[in-house]
């Protein structure tokens, strides 16, 4: 089966149909009208996605990789010039071996990396902005099922993701248990916790506090809500790291040439850790839309695989046909290891939580994923 | 020795000199001109303070209690109508027994509870606002030494505080080792860590992001930077609690009558934990000045008893004459127990860290301080 015959792919810039499937190059799929879980409707949802490798004859080698909150579909470099965010983990001869598997990753609806989001235009040519529908993790999965249909994939060999990506692939198993053979959930939970919601609220409040946010309809204005988005990222980034790592890297050192213990008034220089967070904030502001950050953050707050099934327990108890692999980062203090243990215990078949050992905290799911290589080779990609 | 004969006390509202020392009633001391550690100068710094009990003949029964970031001098109710924030711990017959000890607590310079701060007026009658000097923990201690002088206290029997109050009393021992007999440091460190600085930066950025902040000179305006101060408090409050406590209290429950998993657009209702944080934010906004929050937060960022002594180690090694009592909350994830262990190890005499056992996190230093009663009775107030 060839991918090209089954799906209307096009290049967003030229709007030309593509007749080839290059590894790691962003393509698009028109999925048509979509009614969101909580009632919103968009007339035409486009999904940006990438693939690596070749789908085999019986379509049994397809692997779906879901990105995290500010991630995107560019998991591995492939034929593009840009490095992927999991290059050491996904590629020819890697743990997720694109010589053997057909790997797919889609940008989440509501985002700003190729799928329809708040910056996309309505039929009258105006950005959706504040009118963009409330989006849930279930919405991302239901739209990705349309992509799987278009690609000729009835059953994923494996769905795999970390952090919000882990939430997304767990929801894949809950929404479509018959379409998921293996489910790999890294540093994620079955439902967002009170603390995760609390930190997320602070982030969305930061964006809304920015006077340039303009209620979400800022696209035509001179100034974007960069300061608010940057503050949201600062808060988030602290929770993605662990205290000992920040202490060893930065301690209370002053940024070079600056005096954080101020002088005669409130204007002071920065500590190194502040400069580091400024840098993280600036990087995100340069590549991400504040409305998308809001939409996806609130989608993550809504994460609850139990919704519609009575409870998390009931939702997961149905999944005896799915082979689960659950992993946590030992130093994670946003998606605490205890939460992964709780998830594993709620699954119908016995699952042992595999630990990524890292001083780095939650971000260990990105930096140290290769620690899972042997276990995944044995249990999933054997 | 009577208090009244040695100190110019006055009532701030009537500017009349007081000739009595009622327990738990706010009084004021003019300390005169003060040059701050980093160079700023104020012509006349007033300290608001309260006392409980009676100073004995040889002035050997004086206890200083230092409040935390948004605390104040009203430690115990005394003769006032307002409850104190440590009423179960300080009072007649309590662990800090005001029948035996003369207890003193001052509002920190830079705050907004009776001591000179950014909202105070300059000699021309304009609020200091953005011109208020950068303030450090050392500044608070040096001014409190003037208060001790005025009260006739050469040596504190004990200085005691939690969180930023712990930082302040540790700095008391470092600045004036000959004036401190016992030093009780609860849930605090010898220097602010990279992570504490990072969370503090996010809070100060939130206040500065508020369009009503107006660079700090907002006192004459119609609107105060309440949203920014509220967001700062939200961020802080999450770090003051512990994940399991939030989970048990709130989980992902919706606030009554609200729908946090939204409808067709971005306007959604709140989770209970969001409503709780809104409430915490609202409470602080009603009683605290945003500039004071900034000044005191940046003072806490600057906390480093080693400054001026070469290192923390060197500063603490000099303190063999001081009897230390170090305590941590076992679930604290802002002032991690490991940091209290590190502080204890850096002291010249052996000190065992005493633990407050609480699921609540950092705020356990407020809610569960009475757990230290027996140990303090034995080691400090025997």
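Here are a few things to note about the model shown:
- Remark: pairs (first residue in the range A:265-289, outside the structural domain of residue A:218 (by TED's automatic domain parsing) and within 29 Å of residue A:215 (Cβ to Cβ); second residue in a loop (DSSP other than H, G, I, E, B) and modelled with pLDDT under 95; Cβ separation under 7 Å; 6+ apart in sequence or on different chains) are absent.
- Looking at B:46, B:109, just one residue is surrounded by fewer than 24 Cβ atoms within 10 Å (Cβ to Cβ), outside the structural domain of residue B:240 (by TED's automatic domain parsing) and at pLDDT 95 or above, and that residue is B:46.
- Consider the range A:78-100 and keep the residues that are free of Cβ contacts under 8 Å to residues at least 40 places away in the same chain and not in a loop (DSSP other than H, G, I, E, B). The one that is surrounded by the fewest Cβ atoms within 10 Å (Cβ to Cβ) is A:91.
- When residues in the range A:337-369 are screened for being within 14 Å of chain B (Cβ to nearest Cβ), buried (at least 17 other Cβ atoms within 10 Å of the Cβ) and without any contact (Cβ under 8 Å) to a residue 24 or more places away in the chain, 1 of them pass.
- Count - residues of the range B:153-188 that are surrounded by fewer than 24 Cβ atoms within 10 Å (Cβ to Cβ) and within 24 Å of residue B:314 (Cβ to Cβ): 8
- Test: residue in the range B:302-309 that is surrounded by fewer than 24 Cβ atoms within 10 Å (Cβ to Cβ), modelled with pLDDT of 95 or more, in contact with a strand residue (DSSP E or B) (Cβ under 9 Å, 6 or more places away or on another chain) and assigned to a loop (DSSP other than H, G, I, E, B): yes
- Every test in (1) modelled with pLDDT under 95; (2) within 20 Å of residue B:117 (Cα to Cα); (3) part of a loop (DSSP other than H, G, I, E, B) is passed by residue B:19 save one, and that test is (2).
- Test: residue A:244 is modelled with pLDDT under 95, assigned to a helix (DSSP H, G or I) and not assigned by TED's automatic domain parsing to the domain that holds residue A:72: yes
- Answer from A:136, A:158 - the residue that is touching a strand residue (DSSP E or B) at 6+ places or on another chain (Cβ under 7 Å), on the phi < 0 side of the Ramachandran plot and modelled with pLDDT of 95 or more: A:158
- Of all residues in the range B:26-41, those satisfying the criterion of being assigned to a strand (DSSP E or B), within 25 Å of residue B:74 (Cα to Cα) and in contact (Cβ under 8 Å) with a residue 40 or more places away in the chain are B:28, B:29, B:34.
- Search result, residues across the range B:273-283 that are in contact with a helix residue (DSSP H, G or I) (Cβ under 9 Å, 6 or more places away or on another chain) and either at the interface with chain A (Cβ under 8 Å from one of its Cβ atoms) or surrounded by fewer than 20 Cβ atoms within 10 Å (Cβ to Cβ) (or both): B:273, B:274, B:277, B:278, B:280, B:282, B:283
- Matching residues, the range A:370-382, being exposed (fewer than 15 other Cβ atoms within 10 Å of the Cβ) and either on the phi > 0 side of the Ramachandran plot or without any contact (Cβ under 8 Å) to a residue 24 or more places away in the chain (or both): A:374, A:378, A:382
Residues checked against (1) closer than 30 Å to residue B:367 by Cα; (2) in a loop (DSSP other than H, G, I, E, B); (3) within 8 Å of another protein chain (Cβ to nearest Cβ); (4) within 24 Å of the chain's Cα centre (by Cα):
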| site | (1), (2), (3), (4) |
| --- | --- |
| B:231 | yes, no, yes, yes |
| B:248 | yes, no, no, no |
| B:267 | no, yes, no, no |
| B:294 | yes, no, yes, yes |
| B:300 | yes, no, no, yes |
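The values are calculated or read from the model by the stated rules, or taken from the named source; none is laboratory data. Not measured: the values here are computed from a predicted model. Cβ atoms come from the backbone with ideal geometry, glycine included; neighbour counts cover every protein chain shown.
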